[in-house]
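The values are calculated or read from the model by the stated rules, or taken from the named source; none is laboratory data. Here the structure is a predicted model, which means the values were calculated and not measured. Virtual Cβ from ideal backbone geometry, glycine too; neighbours counted across all protein chains shown. All accessible areas refer to the heavy atoms of the entire protein, side chains included, with ligands and DNA or RNA removed. Shrake-Rupley method; radii C 1.70, N 1.55, O 1.52, S 1.80 Å.
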There are 6 protein chains.
Amino acid sequence: MRPSGRDLDSLRSVTIETNVTRHAEGSCLVRMGDTHVLCTASIEERTPPFLKNTGLGWVTAEYGMLPRATTTRNRREAASGKQTGRTVEIQRLIGRSLRAGIDRSAMGERQITVDCDVLQADGGTRCAAITGGWVALRLAVNKLLKAGVIASDPIVDHVAAISAGVYAGQPVLDLDYAEDSVAGVDGNFVMTGAGRLIEVQMSAEGATFSRTEMDQLMGLAEAGVTALVAVQKAATT
Amino acid sequence: MRPSGRDLDSLRSVTIETNVTRHAEGSCLVRMGDTHVLCTASIEERTPPFLKNTGLGWVTAEYGMLPRATTTRNRREAASGKQTGRTVEIQRLIGRSLRAGIDRSAMGERQITVDCDVLQADGGTRCAAITGGWVALRLAVNKLLKAGVIASDPIVDHVAAISAGVYAGQPVLDLDYAEDSVAGVDGNFVMTGAGRLIEVQMSAEGATFSRTEMDQLMGLAEAGVTALVAVQKAATT
Amino acid sequence: MRPSGRDLDSLRSVTIETNVTRHAEGSCLVRMGDTHVLCTASIEERTPPFLKNTGLGWVTAEYGMLPRATTTRNRREAASGKQTGRTVEIQRLIGRSLRAGIDRSAMGERQITVDCDVLQADGGTRCAAITGGWVALRLAVNKLLKAGVIASDPIVDHVAAISAGVYAGQPVLDLDYAEDSVAGVDGNFVMTGAGRLIEVQMSAEGATFSRTEMDQLMGLAEAGVTALVAVQKAATT
Amino acid sequence: MRPSGRDLDSLRSVTIETNVTRHAEGSCLVRMGDTHVLCTASIEERTPPFLKNTGLGWVTAEYGMLPRATTTRNRREAASGKQTGRTVEIQRLIGRSLRAGIDRSAMGERQITVDCDVLQADGGTRCAAITGGWVALRLAVNKLLKAGVIASDPIVDHVAAISAGVYAGQPVLDLDYAEDSVAGVDGNFVMTGAGRLIEVQMSAEGATFSRTEMDQLMGLAEAGVTALVAVQKAATT
Amino acid sequence: MRPSGRDLDSLRSVTIETNVTRHAEGSCLVRMGDTHVLCTASIEERTPPFLKNTGLGWVTAEYGMLPRATTTRNRREAASGKQTGRTVEIQRLIGRSLRAGIDRSAMGERQITVDCDVLQADGGTRCAAITGGWVALRLAVNKLLKAGVIASDPIVDHVAAISAGVYAGQPVLDLDYAEDSVAGVDGNFVMTGAGRLIEVQMSAEGATFSRTEMDQLMGLAEAGVTALVAVQKAATT
Amino acid sequence: MRPSGRDLDSLRSVTIETNVTRHAEGSCLVRMGDTHVLCTASIEERTPPFLKNTGLGWVTAEYGMLPRATTTRNRREAASGKQTGRTVEIQRLIGRSLRAGIDRSAMGERQITVDCDVLQADGGTRCAAITGGWVALRLAVNKLLKAGVIASDPIVDHVAAISAGVYAGQPVLDLDYAEDSVAGVDGNFVMTGAGRLIEVQMSAEGATFSRTEMDQLMGLAEAGVTALVAVQKAATT
């Protein structure tokens, strides 16, 4: 019944290939089906002005999509001179999510910027970006630990994300574009490895949903994140 | 225990004053405690290009905050040349929320723009904007109905919103700024008069939350929205 | 003969309500007929770079108009990414006018920003902004005096402004929108409480005027400003 | 007593050289002492959208200053990405002034853009731009008349402008930079050949002025404009 | 003597992997050593306004670099709100180069946009973009031919590009970043498969060069392009 | 056979008038036929941040064109809010070219900005800007030398530029607009007084060229630059 033939609670095939670029302190290419996101983590020995002399570090994220990552070509944001509202929303979400999994007082006064660039899109890019972004962050922090720049590991838990929504009247996990573009209700769930919630965003466009549906989507998401965390573990150890 | 002395499940005092400006087709000033938002609804006899000849109407929203609505002055967005990510996020949320409560095929090919401008801020501005924005929209649609421009009422239900969060370890309803600025977990809940969900956004900054907490916040919010819908009814009938 | 039935030399009804917002050091809502402007004065303990170590303070102003303050909705300047030429002109005028009434060496090295936001427009918004802006500035300076932050009052006189123009061949005071939109000659007059001139701007669009007409408009304006200063006095003492 | 040794009511030496560029329909280089402005008038066979099918033409102006027209180099506006408030104010003034001297219904539905670019600045650039801009406009209209494109002359009178201000306590005509930079009161007067007023802008920065001073400046300006109109006549006939 | 140990006239290892993205009409990933560029060609059934009704098609290019494609992170152009001068120069060069190899009258009135996004940079990105961009263009045109949308092949020849410069006093081919960053003279050579020249750009920063050196670099480049065309042929047949 | 009747290897008439503006440290008006460019050199006692404490100076250039320098009016870049790609390319070329002729370690830590503003355009504006820009730079450096601010002359040689292209199948020198707008191959050659090359840019739009043609154009250019350097010498000694 799903366009892809997947079961209602099936993730797409997920792979995380690490150290894919030469320059970044941490990097990976995460593939969730046909959604491919290149994630890099860059360490800079400075923090934003509002953190000067607080002893705290900062993790921030930026998100982009290549113009032809999508079915039809989108205008390049650099050429149009501004990021869309969607881009801004997504990169703020990625940043908040990753910060929830790190102890900023153990980072030292430095900033790690996680860039998530979508090379190919088929739905669920923001969730893939969070899941892959965490891996890039993990690898960059490993480098700091190995070099002895920081003494204790500031990362407190895994952070991963998955979508779930109501497609053709059924709750389904990990919507691809064919599902996402027609689903009236759509949620993104960011959780830790221990199953704690970081961010829940459920949204209806031209529709509404019940608490029961909300609970069903939440249940699907919990299983999905558990599976993603296992993939993260395999990729980073 | 709350800075304001309110009970955990208490709303601030809410008033909605209607028809506060001379030019707009619908308008109100919504006050939730010290948060004051001026909402206007403007009807235009045109739709965005992507709706040309579809028979559908459009509801959109814009959000702004006067520079000194806040404790310290913020830079005027018009002067800095761009809207912040926060502004963009909020106005997209208001638009989606209001569209969920209207039958766009019954609107005709016209657009209603709901402007929500915060005159004074004390937390919860986006929720106040949705609750007040619906009232402005209701009044503008009433004008179309009275004038016979549209035959049947396109508004299918009330739309209202409230925040809830975890403050000092306790789930509390309708956070004011003193609470909001220190709460680690914070949610915004948009619902219909019938109690259906439109948008749920729960977010932790530097923290996480459990499903139990999520359910508690949801429960508080349901009661809060019920009370707000009663205020909307009193204001519009 | 005037659309409003007013005499040629009649002001609209003027009220100034003070302390209308909780956060600003000084604030008022000035109403000149259906023109309503919210004015706030914000004190910051810093000056623009060009005044560093000069011992002088600075007063500046910003002006905005809510999108639906007008008969038809205007595009939000924050959304279009720039302030219009009209906005820039007006806020420069307000700033110059208020600076003419203050001894900047007695302010100390601090800046007061006066924000004038038009909630509802019916002509004469820049004059209302100056008249109300002075009241907000007066109240903010009072706060500095009361707190003992500055020793002597830097405000040397009242500053108020009124429009006058040629409508249907007759010189009239305080044009409303119905008059302003068709008047070929239109002037704005900024004066002190003592009747000294600060700024005179008379302008013809597609027309010209004589020195006699100029003198008539000036005479009307002098009487108008005298009346406005009395309202300012009543509001601030 | 004036830095230049001029009498209080003396203009600087004024020359207007016409047809200085090959491409523009009308052009001149106006020199008022060391202030040199290149003015071109460009005819386009289209009008702004708001004039479609009204039978009216349009005259508009743009103003610029080369980066090193001034004592110290100013940032190039094209490089900084926006025109300053001063530039916007000036070009709006030039446009309004020139429109006051033309019968737009006799122009036909076309637009004439007058570009005024300051090659060297020594005070009074906006007045020089208006005086020279009118000459460029006159020459461009002559071309339309000669070609038979329009039947009757739409230009109804000369338009010229001069500054006057209070320098060292004395009313003086045509301020140069040495005077302008210290004058507390400063006015720009735009008039027709017949001595009618188009625009009067008198402004005090950190000072005030009396009606007597205003009348003195106006008197100086009337004589100054009379002299400038004579130079315009010599240049265009 | 070269940092990489290559001979003076040696290219880095070059590979072109085709059809690397699912959505684009043509795509490839070109690798010249550690420089990796993702090229996509997107067909749109419209041309820029200046080509309306001319029967001609258009080929244009855009260039971007991921923020961490480089040794240290560069600011994202979409975030800073404008493309750098370097980006603009490069994308104009790519567009001109590709247009030199296509008969635009045989394309029909359609546009092909070639996006070249640098995933990893190690010098020579613009040359890699041209070489890979041509492959993406070739594949997209093949699709049009196969579908019968166009009858005859508009592509008249291969287009490829290579750099050459003076490093440590010696003419070398295909500079990598270690060489490029210190070379005083640096050239980019775009040629056809038949060895005709399309674009030659030789440039000295803080140095000069002789005609003899110019001829040596040109000679190196001719051999380099011949080799690149062979790789293009292998990838597209 | 050339529209102007010139021989294939003839320059247009060239004049360089120096010290044409009062404020700039160095200035000239260069005329190559109907192409007129005003060049000024401005000295600032600071360098860009990347040169702090290196002991090196900097030479940079900006380029602009008056809106009606051309046959039809172009949009003013300051009004459109950005410089075109063409402008950016040209000003980067001018800066690189002038830097190649100066010993930056002998300049001291100061910056010289060369502004090249086209008053009238008839092809070849970038070459005229380089040739005239060098003269402005020479004059500004002379002022530093005469004032004893720098001890030895940092200028190591003349820098001048000329175009050459293939027009109607023939190699021609110094293309004017009538030739430039139809030439398929077009080059700009920047050289020193000693005949060393600084920058060679040859470019085909919708065409290609042979090495023989390249050599012919280069030969023409060498003779052209020799003639321009003689004019520079006459103007600066």
Alpha carbon centroid spacing (whole Å) that separates the range B:202-232 from the range C:1-60: 40
Positive dipole terminus of the range C:14-236, leading residue within C:Ala161, C:Leu175, C:Phe50 (C-beta point charges): C:Phe50
Percent of alpha-carbon pairs separated by more than 19 Å within the range E:48-187: 58
Residue closest to axis [chain C; rotation mapping onto A; Cβ; Å]: C:Gly81, 5
Average partner coverage of A:84-90, which counts Cβ from other chains inside 10 Å: 4
Ordering of E:14-20, A:40-46 by packing [mean C-beta count within 10 Å, highest first]: A:40-46, E:14-20
Note, ³J(HN,Hα) from phi for the range A:73-89, Karplus 6.51, -1.76, 1.60, rounded to Hz, x at Gly and Pro: 5, 9, 5, 5, 4, 5, 7, 7, x, 7, 7, 6, x, 4, 4, 4, 4
Two-site FRET efficiency, D:Lys143 against C:Ser4, from Cβ-Cβ distance with R₀ of 51 Å, rounded to 0.05: 0.60
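Which net charge results when you count Lys and Arg as +1 and Asp and Glu as -1 among the other residues whose beta-carbon is under 9 Å from that of F:Glu109? Could you put the intermediate results ahead of the total?
Values: positive: F:Arg46, F:Lys52, F:Arg110; negative: F:Glu45.
My count for the surroundings of F:Glu109 gives +2.
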Fluctuation leader among E:Ala140, E:Ala78, E:Ala221 - chain E, Gaussian network, Cα springs under 10 angstrom: E:Ala78
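At 1.4 Å probe size, with every protein chain present, just tell me what the per residue accessible area of the protein assembly as shown comes to in Å².
Numbers: 50910 Å² over 1422 residues.
Accessible area per residue, the protein assembly as shown: 36 Å².
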Inter-copy spacing of A:Ala230 label points, which lie 7 Å from Cα along Cα→Cβ, given in nm from shortest upward: 5.0, 5.0, 8.5, 8.5, 9.9
Percent accessible area from carbon and sulfur atoms, the range F:95-157, protein chains only, probe 1.4 Å: 47
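Calculate the mean, over all residues of peptide B:70-81, of how many other protein chain Cβ atoms lie within 10 angstrom of the residue's Cβ.
Working: counts 2, 3, 3, 11, 1, 1, 10, 6, 14, 9, 2, 11.
So the per-residue partner count for this stretch is 6.
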Rounded FRET efficiency, nearest 0.05, which uses the C-beta distance separating A:Ala207 from C:Arg46 and R0 of 41 Å: 0.25
GNM top mover of C:Leu119, C:Leu144, C:Leu38 - chain C, alpha-carbon springs below 10 Å: C:Leu144
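Could you work out [θ]222 nm for the protein assembly as shown from helices alone, using -39500 (n - 2.57) per DSSP H run of at least four and dividing by all its residues? Round to the nearest 500 deg cm²/dmol. Before the final figure, lay out the partial values.
Values: 30 runs with 426 residues, N = 1422.
After summing the helix terms and dividing by residue count, I get -9500 deg cm²/dmol.
Using only Cα atoms, figure out Rg for the protein assembly as shown and give it as a multiple of 2.2 N^0.38 Å. Write out the running numbers ahead of the final one.
Working: Rg = 34.3 Å, N = 1422, 2.2 N^0.38 = 34.7 Å.
Compared with the compact-globule rule of thumb, the protein assembly as shown sits at 0.99.
Could you compute the FRET efficiency for B:Ala79 and E:Asn19, with r as their C-beta to C-beta distance and R0 at 45 Å, rounded to 0.05? Display every interim value, and only then the final one.
Working: r = 49 Å, r/R0 = 1.08.
Approximately 0.40, to the nearest 0.05.
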Shielding by other protein chains, F:35-44, mean Cβ within 10 Å: 3
Cross-link pairs B:Lys143/B:Lys233; B:Lys52/E:Lys52; F:Lys146/F:Lys233; B:Lys52/E:Lys82; C:Lys82/C:Lys143; E:Lys82/E:Lys233 - those with Cα-Cα distance over 28 Å: B:Lys52/E:Lys82; C:Lys82/C:Lys143; E:Lys82/E:Lys233
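May I ask you to derive the relative contact order of the range F:1-74, considering only C-alpha pairs under 8 Å and at least 6 residues apart, and to give it as an integer percent? Intermediate results must be reported in sequence, preceding the final value.
On the way: 66 pairs, mean separation 12.1, N = 74.
Computed value for the range F:1-74: 16 percent relative contact order.
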For chain B, alpha-carbon Rg relative to the globular expectation (2.2 N^0.38 Å, N residues): 1.01
Crossing angle, helix B:125-146 versus chain B [Cα axis fit, 0-90 degrees, rounded to tens]: 20
Computed accessible area, E:Lys82, all protein chains, 1.4 angstrom probe, square angstrom: 130
Highest-fluctuation residue, C:Asp180, C:Asp215, C:Asp115 considered, GNM on chain C with Cα pairs under 10 Å: C:Asp215
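Accessible area lost on pairing E with F, both sides, 1.4 Å probe, Å² to nearest 100?
Details: alone 11320 and 11320 Å², together 19780 Å².
In total, this chain pair buries about 2900 Å².
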Model label zone, F:Ala194; criterion: amide N under 13 Å from point 7 Å along Cα-to-beta-carbon; scope the range F:93-113: F:101-103
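About the Cα centre of chain A, what is the dipole size in debye to 20, counting +1 per Lys and Arg Cβ and -1 per Asp and Glu Cβ, all else neutral?
Working: 25 positive and 27 negative charges, 145 e Å.
Dipole about the Cα centre, nearest 20: 700 debye.
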F:His158 long-range amide H proximity, modeled H, under 5 Å: F:Gly193, F:Ala194
Exposure of E:Trp58 as accessible area (Å², to 10), given a probe of 1.4 Å and all protein chains: 40
